Amino acid sequence: MMLRILFLAPFAAGLASLGISSPRVRRRLITIVSFFHLACTLIVWRTGFEPSAGRWIGLDALSMLFLLITSVLFASSSFATVAYLRGHELPVESRGRFSREAVFTCAMLFFLGTTTLAILSLHTGVFWMAIEATTLASAPLISYQRSSRSLEATWKYLLICSVGIAIALVGNTALAVSVAFDPATYGLPMTFRDLAERAVSLNPVWLKVAFALILVGYGTKMGLAPMHTWLPDAHSEAPSPVSALLSGALLNCAFLGILRTNAILVRAGIGGYSNGLLAAFGALSMLLAGWFVLRQADFKRLLAYSSIEHMGILAIAAGAGASFGGLLHALNHSLTKGALFLLAGTILGAYHTKSTRAVSGLIRISPATGLLWIAGFLAICGVPPFGTFVSEFSVMAVLGRGGRWWLLAAFLSALGIVFVGMWRIVIPMAFGRPSDPAVCVPRSRPIEAADVPPLALCCMVLLFGIWLPSPIARLIEHASAIAGGL
Amino acid sequence: MIDQSIIALLLLVNLRMFATSRVDSLVRCVAAQAFLLVCLAVVTHEGSLSWEAWTFLSVTGLVKCAALPALMTRALRSAGIRREVEPLVGYRVSLFIGLAATGFSVWAAEKLPMPAGAADPLVVAVALISMITGIFLIVARRKAISQAIGYLAMENGIYVLAPALAVHGPLIVETGVLLDVFVGVFIMGVIILHIRQEFRHIDIDRLSELKD
């Protein structure tokens, strides 16, 4: 019952928002629904959960973790969304039944609903449907400005992701075919859990075909190289709170599908094949992201490439069997990247440019934003004492113990390249002289309300680096057992 | 016999999609492709169809042969384009690629281990060809609308792949997939109109502001 409320409430609110004419009420609705969602998530977490076999919609430890991440991010970015809408008032259009802002609000709430549905779905088909629906719900969010750049980004996003997800649908079909060979599994419900339990009697050839297609398909949505081409464009052109959600919540959802499919192959005894593919795509993503970070001149694109790098880390962790580290990293990355994109929105609002060269002296003009910007980058680079350090280190430890030296070398060199590339950009942005004639200097402001959500997110990442609260540690342990196919 | 002739017609429609330069004919082709694929799904189905299955098939037919092509025709008219003048891959080369894809699909369908109850490998082959046609249109054509048509053609192929391999998903999931495709093509149409308003053309390869 509670689960239905979790994903139906945003849909209902989204439909209702189309009928609300007052912009103030409509904007408030986003905040209210996001916090209602967070409250429901926490209640579900407290009351406990365990899906029964054969259920299509349910909650296990793995989905609980991702639900928590998504809910926290939506809640913390909702203020920025409202502020964005207030700061970008659009002229009232004469044609069209709904105002552009009403459509934006509706799409935002649908995005929350579809993301929740994707996380909660335990059925391969329902999961596919929900993931494609997240693409459709988020496309109007990216094109909100209707500038030439945002339209180009939206078209790429919509087409590349739809085609990718269509490939995953072929993968789902292949998965269903793999069931049909053994009379013991014929007619098995296509839930991830049933498939994993009967994995040994599935047809291995079709299972391999299915995994390759699903990895390419959902990997497109997750932003794994070389299918990542839509990602930097969409993340840089979308409104900043939307970028935070795309990067922190949406990429994870697609990863969830890959993780669950991987668990089936591990149980079937052909985990070597799927793990190898995951590690290869992961390493390629990390190295490629490193290359593009080095030559970046746009700070939102910089963050986007960093997301590709971190998705690579998650893929490598899944491929190396470092599920605990990988899932902890998913948590840390989402919170950090959410904070950084929200800060990027604040900087964009102050300087009116995304060019890294035109922004300087941040720390003098607005000390709070500047300090958080530096803290966020320390965290995203995996510098201790932030949580990302702990999670990256535990992934590396597993790689080392497994004797995967080549993978470890690729991992470390990519981290090094990204570190250099980022600080080359961030240090001038934060400490440069604001009196540079090329720079349009905004008026100085010590701290403002927009800094509070990123501050909270950064504090959480810092906390997870120093001390991981035991409920979260237990949740991640249970989740990693499911992801590891145990 | 009927299924063989449907397959033959489908092959012709797909080759036509490789070779035609007129976008309105491409829309008609994708509608015909959808119609033939729905027919193929009916013909290859073992045993009698339940009324739910009939309802679903007719809804699919209505969406894919009537609603979406009508939507595309509207977008086409307001964008004011007739044909794809300079495609990224020439039409003669396209036709050869189409023939090669046909050969490959038949070969691959023969090679794969088929589950019990699967249809003729040729049905699988024709599903694969439709998918390849779609992907080819997305990659090799520059007009946004041709790419949207390619996406639809690809979804059509995937749609018939499942019954060809004797996979029958739950009705609610199939309906959800159909809804996603419908909304997806609808949103693509809306974005095409916005692109047209902003740029005065819909040549995707000329949208190149965003790159590294």
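The values are calculated or read from the model by the stated rules, or taken from the named source; none is laboratory data. Because the structure is a prediction, the values reported are computed rather than measured. A quick note on method: Cβ atoms are made from the backbone with ideal geometry, for glycine too, and the neighbour counts reach across all protein chains shown.
Taken together, the criteria exclude A:LEU251 from residues that are touching a residue at least 12 places away in the same chain (Cβ under 8 Å), touching a Pro at 6+ places or on another chain (Cβ under 8 Å) and in a helix (DSSP H, G or I).
Filter segment A:149-169 for residues that are polar (S, T, N, Q) and out of contact with any His (no Cβ under 9 Å at 6 or more places or on another chain) and give the result.
Answer for segment A:149-169, where residues must be polar (S, T, N, Q) and out of contact with any His (no Cβ under 9 Å at 6 or more places or on another chain): A:SER150, A:SER162.
Restricting segment A:162-192 to residues that are among the β-branched types (Val, Ile, Thr) and more than 10 Å from chain B (Cβ to nearest Cβ), the residue that is surrounded by the most Cβ atoms within 10 Å (Cβ to Cβ) is A:THR191. Of the set (1) within 14 Å of another protein chain (Cβ to nearest Cβ); (2) at pLDDT 95 or above, all apply to A:ASN262 but (1). Suppose the filter is surrounded by 22 or more Cβ atoms within 10 Å (Cβ to Cβ), touching a His at 6+ places or on another chain (Cβ under 6 Å) and touching a residue at least 60 places away in the same chain (Cβ under 8 Å); does A:HIS329 pass it? Here the answer is no, as A:HIS329 does not meet what is asked.
Condition test on A:LEU159, is it aliphatic (A, V, I, L, M) and buried (at least 24 other Cβ atoms within 10 Å of the Cβ)? No: the conditions fail for A:LEU159. Of the helices (runs of 4 or more DSSP H) lying entirely inside segment B:115-212, the ones with 3 or more residues being surrounded by fewer than 22 Cβ atoms within 10 Å (Cβ to Cβ) and more than 9 Å from every other protein chain (Cβ to nearest Cβ) are found at B:121-140, B:171-199.
Each row is one residue, and each column tells you yes or no for (1) within 30 Å of B:PRO170 (Cα to Cα); (2) buried (at least 17 other Cβ atoms within 10 Å of the Cβ); (3) without any contact (Cβ under 8 Å) to a residue 24 or more places away in the chain.
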{"residue": "B:VAL38", "(1), (2), (3)": "yes, yes, no"}
{"residue": "B:SER48", "(1), (2), (3)": "yes, no, yes"}
{"residue": "B:VAL59", "(1), (2), (3)": "yes, no, no"}
{"residue": "B:LYS64", "(1), (2), (3)": "yes, yes, no"}
{"residue": "B:GLY90", "(1), (2), (3)": "no, no, yes"}
{"residue": "B:SER94", "(1), (2), (3)": "no, yes, no"}
{"residue": "B:ALA108", "(1), (2), (3)": "yes, no, yes"}
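For segment B:1-15, taking the residues that are touching a Leu at 6+ places or on another chain (Cβ under 8 Å) and among the β-branched types (Val, Ile, Thr), the one that is nearest to B:CYS39 (Cα to Cα) is identified as B:ILE6.
Restricting to segment A:126-140, and then to whatever is aliphatic (A, V, I, L, M) and facing chain B (nearest Cβ under 8 Å), can you tell me which residue is farthest from B:GLU209 (Cα to Cα)? For segment A:126-140, the residue satisfying everything is A:VAL126. Residues in segment A:319-358 that are assigned to a helix (DSSP H, G or I) and of a type in the set (D, E, K, R): 1 in all. All of A:SER143, A:SER148 fail the test of being modelled with pLDDT under 95 and either more than 10 Å from every other protein chain (Cβ to nearest Cβ) or surrounded by 24 or more Cβ atoms within 10 Å (Cβ to Cβ) (or both), apart from A:SER143. Can you go through A:VAL390, A:VAL383 and tell me which one is without any contact (Cβ under 8 Å) to a residue 12 or more places away in the chain and farther than 14 Å from A:PRO454 by Cβ? A:VAL383 is the lone residue from the list that is without any contact (Cβ under 8 Å) to a residue 12 or more places away in the chain and farther than 14 Å from A:PRO454 by Cβ. Within segment A:364-375, the presence of at least one residue that is surrounded by 20 or more Cβ atoms within 10 Å (Cβ to Cβ), more than 20 Å from the chain's Cα centre (by Cα) and not in a helix (DSSP H, G or I) is confirmed.
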